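The values are calculated or read from the model by the stated rules, or taken from the named source; none is laboratory data. All values reported here derive from a predicted model rather than from experimental measurement. Because the Cβ atoms are built from the backbone with ideal geometry, glycine has one as well, and the counts that use them run over all protein chains shown.
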Amino acid sequence: MRCIQLAVAVVLLVALEAAPVAASSGVSVDLGRVDITDALMPGQAYSLPTLGVRNPGTEPTSYVMVASAVQDASLRHPDAAWFVFEPSALTLGPGETAQVQMRLVLPRDAAPGAYQVLLGAQISSLATGASVGAAAAARTTFSIRPANAIDAFAASIGQLVSDLWPWSAIVPSVFALASAGWLIRRRFAIHLDVRKRSAR
Amino acid sequence: MTRRVLAIVLASSLLAPAFAAAASGRGVTGRVFATPQLVTITLSAGSVQVGVATRAEATVQNLGASPLNSIKVELRADHAGLVIGDPIRDVNSLKGGKSATLSWTVCGKAAGSYVLLARVTANGIAVDSLARVLVVVSGGKKACP
């Protein structure tokens, strides 16, 4: 009987030791996605919809606003410096919500194309001093149009090359070789002769 | 007897993490939402002067067969630069397959380019529309109401 009591005590001890502390911090944002349909111009600044950041946890938590890349090879990743948050960092009590203004400032040399980024809040530290990296973000997509006609032409050529690869490389190469051959034949006379060596 | 005690201790040690996980609620759970609502936004003008009001319309569609109740439609933008009259609107009910159109008056306080979108929330699920750009240019002599 004493052995069974001992075993039960061991089970309870191990179970209590393995049980984690309940999480009491978190972050949520009130926007799911921002898909901008109009093409944006390099050198322009755009005010994005205000983002509500909420602390759904039970203890005061500090947050930092971040623009982070999405692992999607089909779309470009904008530079994080293009995004301006006001405020860029904040501390919220349990259940509190704050509004964050977001601006997208495109540099004049921003490359044309389609972009994707996550805009949101990341937990920077808890009141206890612990630091965790949980984040909530709104997926944001936009496209940048070329700044001028030359950029537009270069962008369309680049897109065409990308869409038709590898034929976009093979066909011009064959055409270039044929043209070079035709020009050489027209300007130069190439005479190939095979003769038998005379015996000495 | 000693062997039996050892067996009980060993078994309980192996099962302890499972008991602990169950007790703390750990584990992976997932929910899949099918959203019957769809929202689109249109702007009556792509560019306006400061202080001149323009109209933004959001059309909410119920693509499902069941009616949607207590729908909230919000026009989202940078409220520091734009004045939007009553940005959150309520739609009491929307029958299956039907749509409703809501409109807002939008006025730019300062020149700039503003991104607007509509967000519809029904049954606890929120859906965002595609976003549009409204360009506010300087030159207007009026002030937003």
Inset, instruction - Filter the range B:115-145 for residues that are crowded, with 22+ Cβ neighbours inside 10 Å and under 15 Å from A:Ser47 (Cα atoms) and give the result. - result: B:Val115, B:Leu116, B:Leu117, B:Ala131, B:Leu134, B:Val136
Inset, instruction - Looking only at the range B:88-114, count how many residues are of a type outside the set (Lys, Arg) and crowded, with 17+ Cβ neighbours inside 10 Å. - result: 11
Inset, instruction - Please state which of the following conditions A:Arg108 fails to meet, knowing it meets all the rest: (1) more than 17 Å from A:Leu31 (Cα to Cα); (2) part of a strand (DSSP E or B). - result: (2)
Inset, instruction - Restrict the check to the range B:61-77 and report whether at least one residue is at pLDDT below 95, more than 21 Å from the chain's Cα centre (by Cα) and either within 23 Å of A:Val100 (Cβ to Cβ) or surrounded by fewer than 18 Cβ atoms within 10 Å (Cβ to Cβ) (or both). - result: yes
Inset, instruction - State all residues of the range B:54-85 that are farther than 19 Å from B:Ala131 by Cα and out of contact with any Lys or Arg (no Cβ under 7 Å at 6 or more places or on another chain); if no residue qualifies, say none. - result: B:Leu63, B:Gly64, B:Ala65, B:Ser66, B:Leu68, B:Asn69, B:Ser70, B:Ile71
Legend entry - Whichever residue in the range B:117-145 is touching a residue at least 60 places away in the same chain (Cβ under 8 Å) and at the interface with another protein chain (Cβ under 7 Å from one of its Cβ atoms) and, among such residues, is farthest from B:Leu94 (Cα to Cα): B:Val133
Inset, instruction - Can you tell me which residue among A:Ser47, A:Ser68 is in contact with a helix residue (DSSP H, G or I) (Cβ under 8 Å, 6 or more places away or on another chain), within 26 Å of B:Val127 (Cα to Cα) and touching a residue at least 24 places away in the same chain (Cβ under 8 Å)? - result: A:Ser68
Legend entry - A:Pro172 modelled with pLDDT of 85 or more, touching a helix residue (DSSP H, G or I) at 6+ places or on another chain (Cβ under 6 Å) and either surrounded by 10 or more Cβ atoms within 10 Å (Cβ to Cβ) or part of a loop (DSSP other than H, G, I, E, B) (or both): no
